[in-house]
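The values are calculated or read from the model by the stated rules, or taken from the named source; none is laboratory data. Keep in mind it's a predicted model, so treat the numbers as computed, not measured. Here the Cβ positions follow ideal geometry from the backbone for every residue, glycine too, while neighbour counts run over all protein chains shown. Protein only, heavy atoms only, side chains kept; ligands, DNA and RNA dropped before computing areas. Shrake-Rupley method; radii C 1.70, N 1.55, O 1.52, S 1.80 Å.
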Amino acid sequence: MKNYLLSLIKYIYKLEGKIAFYPTFYSVIGLAISFLTYGAENLGVSEYLYKNIPQLIINSTDTALNILTTFIAGLISIMVFSFSMVMVLLNQASSNFSPRVLPGLISNKRHQKILGIYNATLLYCIFTLVQIEPNQEKFQLPGFSVLLAIGFMTVCLGAFIYFIHSISEEIQVNNIILNIYKKAKSRLEKLIDSEETDNLNFPDSEQWNCYNTKTSGYLQDIVLGVLLDFAKAHNCKFEVLPIKGNFVLEDEILFKCNKKLNEEELKKVYSLFNFSSSQRIEENYVLAFKQMTEIAVKSMSPGINDPGTALICIDYLTQLFNIRLSKKDQIILSQDDMGCVKINSVSFKSLLYSVITPIRTYSKHDIVIVLKLFSMLEYVYLNSKNEVYSKAIKKEANSLYKDAKQVIKNETDLSKLETAFLKF
């Protein structure tokens, strides 16, 4: 039961992440309100308001028709303009920064909700318009419904102004990098908090039973709590080989177990692994490092030539690496020594290499970027308490020094380069 409940929660969470979720949800609300107001009209709400507050009720059929048709045409124009503006800005972001940042911009819930408000108001106005007949008396005219339509349209105009402000802020590179950083920071801190203080000695799994994947895709999530409960209940140990967030090929080894599992047990274990066709920073913090690296490298290309953006990326990467120092390369979850699960993650050494190498390769001629990279490595090195991590930082500093020294010829720049390198 717990397994099915967790699967349902994860399905709802994934459904909420779809771009069409909020527009569809709000559209259903708009339809529901139109039917509710239709029922209220049959109960005489317009007649009651006309007798008590006549200033709020429109009692002219022609006026009501003109208002609603104007609202419908105006909303369609606003939606077309908003959609066109979004496409232009997304194309600009893809060209100037990285195509990998597009999912984060598209999945912005605020913009989805604004689109939902447009759809809900549009459907409400259409269904209210259908209720009006040219020969109706003034008390039979849905005056209350038209009044609500005016209120909803006012909300739409406010939402449109907010949308213009929000989308112009969202596309700025500083805010794009900041949003990536916040998501990665949140994910990293969550992973660090979930780790145990001391890792237990995990046995050699060379001779264990291997179980392959049934499909291919990005390993998006593992229901670790249920997997650990299963290991405890069956007194067995698991080692998950693929790194969470990486692409897993079909028939690749997914996990090992020290006991042979039957078909029913395998079905239960396989259901705890969730695959996806895309990656999300909320589930894979490594993607944030990749995106910032790509933005930094692209900003240094001759076509864009924006070293300032690369410096901003390095600043945020410094903070993320500093947080990453507190995370272990391997996680071993145990429960009363009866069940044990080992999860592999991207090592600090590999992560540092994958970030430094592209920036070093494309920016080694720029002394400002090189010195900024040395500043990042120095900061992380001084905060590192792990000998393995410190050796990896020293190795990257040495590679950066060798590459930069080959292309930088100015004596002043070389002097600064030597000074930066001697700190390690």
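Which length gain, in nm to one decimal place, applies between LEU157 and LEU382 when the Cα-Cα distance is subtracted from 0.36 nm times their residue separation?
Values: separation 225, 0.36 × 225 = 81.00 nm, distance 5.27 nm.
Contour length minus the Cα-Cα distance gives 75.7 nm.
Once every DSSP H run of n ≥ 4 in the chain is given -39500 (n - 2.57) and the sum is divided by its residues, what mean residue ellipticity at 222 nm do you get, rounded to the nearest 500 deg cm²/dmol? Walk me through the numbers before you get to the answer.
On the way: 16 runs with 274 residues, N = 424.
Calculated from helices alone, the mean residue ellipticity at 222 nm is -21500 deg cm²/dmol.
Can you tell me the equivalent ellipsoid semi-axes for the range 279-424? Use √(5λ) from the Cα gyration tensor, largest first, whole Å.
On the way: eigenvalues 201, 67, 22 Å².
Taking √(5λ) for each Cα gyration eigenvalue gives 32, 18, 11 Å.
Using a 1.4 Å probe on the protein chains only, how many percent of the accessible area of the chain belongs to carbon and sulfur? Before the final figure, lay out the partial values.
Details: 12820 of 22280 Å².
C and S atoms contribute 58 percent here.
Given points 7 Å out from each Cα along the Cα-Cβ axis, report the LEU56 to SER77 separation in nanometres with one decimal.
2.9
Which lysines have a Cα less than 22 Å from the Cα of LYS298, not counting those fewer than 8 places away in the same chain?
Partners found: LYS182, LYS183, LYS290, LYS364, LYS372.
Calculate the FRET efficiency for PHE275 and LEU43 from the Cβ-Cβ distance with a Förster distance of 45 Å, rounded to the nearest 0.05.
So, using R0 = 45 Å, E works out to roughly 0.30.
Between GLU411 and LYS109, 0.36 nm times their residue separation minus their Cα-Cα distance comes to what?
Values: separation 302, 0.36 × 302 = 108.72 nm, distance 5.19 nm.
Result: 103.5 nm gained on full extension.
Could you give each residue of the range 412-424 its phi-based ³J(HN,Hα) in whole Hz, using Karplus coefficients 6.51, -1.76, 1.60 with θ = phi - 60°, and x for Gly or Pro?
Result, ordered by residue: 5, 5, 5, 5, 5, 5, 4, 4, 5, 6, 5, 6, 9 Hz.
Stretched out fully, how many nm does the piece from LYS423 to LEU311 gain, at 0.36 nm a residue minus the Cα gap? Let's see the in-between values first.
Working: separation 112, 0.36 × 112 = 40.32 nm, distance 2.06 nm.
Length gained between LYS423 and LEU311: 38.3 nm.
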